[in-house]
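Down below is the structure, laid out as structure tokens.
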Amino acid sequence: MGPDGIIFPMVKSVQELKELIDMTLYPPLGSRGFGPLRAIGYGALDAKEYVKSKSLEMCRFVQIEHTELAKNLEEVIKIPYVDGFIFGPNDLSGSLGDFLNVFGEATISEIKEAIKILRKHGKYIGLAGGMNEHDIKTWSKLGIDMLFAGADWCFVYNMGNQTLSTMKKYFYNK
């Protein structure tokens, strides 16, 4: 679930992914609706040219969060307009029956096998997770291109705890 209570569906199949990519492309390539008045400068830009070029400029990354999608990567990578893939190790571990064991043998093995396939086809590879040195080191060794490490709430929370600890040290231990 997203920060606004929006539920983001987990892509589990090739067909679901095809449908989602279709929604990112204007006709005739896809089924995306059109109504970007501000984007075309309220008429300053040619709408037909915008439609022809802008949906193709979008960067599309698919999160691999389910073993079914990972097992079908040879078919998945044939879907046009997908620029890269991002592993979601928490959900992936859950789909493997080992929820939240992101460093478990099954999850790491699934990620390594998927990375081989993605590398072979020249796809960008990312991973969402890891805030401490162990996590970052482990994920970097797998050969991913980008790591989404931490989040704003983590940094605020961690700094708050560090500040509180310092306050207690100097104000409560007199």
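Does the stretch 12-23 contain at least one residue that is at pLDDT below 90 and outside any helix (DSSP H, G or I)?
To start, the set of residues in the stretch 12-23 that are at pLDDT below 90 comprises none.
For the stretch 12-23, residues at pLDDT below 90 and outside any helix (DSSP H, G or I): absent.
Yes or no: W139 farther than 14 Å from I64 by Cα and in contact with a Leu (Cβ under 6 Å, 6 or more places away or on another chain)?
On the way: farther than 14 Å from I64 by Cα: yes; in contact with a Leu (Cβ under 6 Å, 6 or more places away or on another chain): yes.
Taking the combined requirement at face value, the residue satisfies it.
Does the stretch 150-173 contain any residue that is aliphatic (A, V, I, L, M) and in contact with a Phe, Trp or Tyr (Cβ under 9 Å, 6 or more places away or on another chain)? Full working, then the answer.
To start, the set of residues in the stretch 150-173 that are aliphatic (A, V, I, L, M) comprises 151, 156, 159, 164, 167.
Within this subset, residues satisfying the condition of being in contact with a Phe, Trp or Tyr (Cβ under 9 Å, 6 or more places away or on another chain) are none.
Checking the stretch 150-173: not a single residue is aliphatic (A, V, I, L, M) and in contact with a Phe, Trp or Tyr (Cβ under 9 Å, 6 or more places away or on another chain).
Would you point out the residue of the stretch 8-33, among those that are among the hydrophobic types (A, V, I, L, M, F, W, C) and surrounded by 13 or more Cβ atoms within 10 Å (Cβ to Cβ), that is nearest to V76 (Cα to Cα)? Full working, then the answer.
From the stretch 8-33, those among the hydrophobic types (A, V, I, L, M, F, W, C) are 8, 10-11, 14, 17, 20-21, 23, 25, 29; that's our starting set.
In the following step, the residues that additionally are surrounded by 13 or more Cβ atoms within 10 Å (Cβ to Cβ) were identified as 10-11, 14, 17, 20-21, 25, 29.
Details: M10: 15, V11: 11, V14: 6, L17: 8, L20: 12, I21: 11, L25: 17, L29: 18 Å.
Filtering first and then ranking leaves V14.
Tell me, yes or no, whether the stretch 66-89 has at least one residue that is more than 17 Å from K18 (Cβ to Cβ), touching a residue at least 12 places away in the same chain (Cβ under 8 Å) and open to solvent by 80 Å² or more (accessible area, probe 1.4 Å).
no
Identify the residue in the stretch 129-164 that is assigned to a strand (DSSP E or B) and modelled with pLDDT of 90 or more and, among all such residues, is nearest to P80 (Cα to Cα).
Going through the stretch 129-164, the residues assigned to a strand (DSSP E or B) turn out to be 146-148.
This time we only want the ones that are modelled with pLDDT of 90 or more, so: 146-147.
Details: M146: 21, L147: 24 Å.
Of everything passing the filter in the stretch 129-164, M146 is nearest to P80 (Cα to Cα).
Let's see how each residue does on (1) more than 20 Å from V11 (Cα to Cα); (2) touching a strand residue (DSSP E or B) at 6+ places or on another chain (Cβ under 7 Å); (3) open to solvent by less than 70 Å² (accessible area, probe 1.4 Å):
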residue: F99; (1), (2), (3): no, no, no
residue: A106; (1), (2), (3): no, no, yes
residue: Y124; (1), (2), (3): no, yes, no
residue: E133; (1), (2), (3): yes, no, no
residue: L142; (1), (2), (3): yes, no, yes
residue: K169; (1), (2), (3): yes, no, no
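Any idea which of F155, F148 is in contact (Cβ under 8 Å) with a residue 60 or more places away in the chain, open to solvent by 70 Å² or more (accessible area, probe 1.4 Å) and of a type outside the set (S, T, Y)? Step through it out loud before you land on a result.
On the way: F155 fails: in contact (Cβ under 8 Å) with a residue 60 or more places away in the chain.
So the residue among F155, F148 that is in contact (Cβ under 8 Å) with a residue 60 or more places away in the chain, open to solvent by 70 Å² or more (accessible area, probe 1.4 Å) and of a type outside the set (S, T, Y) is F148.
Report yes if S93 is under 17 Å from the mean Cα position of the chain (by Cα), outside any strand (DSSP E or B) and either among the hydroxyl-bearing types (S, T, Y) or farther than 16 Å from V11 by Cβ (or both), otherwise no. Walk me through how you get there before you give the answer.
Values: under 17 Å from the mean Cα position of the chain (by Cα): yes; outside any strand (DSSP E or B): yes; either among the hydroxyl-bearing types (S, T, Y) or farther than 16 Å from V11 by Cβ (or both): yes.
Against the criterion (under 17 Å from the mean Cα position of the chain (by Cα), outside any strand (DSSP E or B) and either among the hydroxyl-bearing types (S, T, Y) or farther than 16 Å from V11 by Cβ (or both)), S93 qualifies.
The values are calculated or read from the model by the stated rules, or taken from the named source; none is laboratory data. Keep in mind it's a predicted model, so treat the numbers as computed, not measured. Note: ideal-geometry Cβ built from the backbone for every residue, glycine included; neighbour counts use all protein chains shown. We work out accessible area using only protein heavy atoms, side chains counted, and drop any ligands, DNA or RNA first. Shrake-Rupley method; radii C 1.70, N 1.55, O 1.52, S 1.80 Å.
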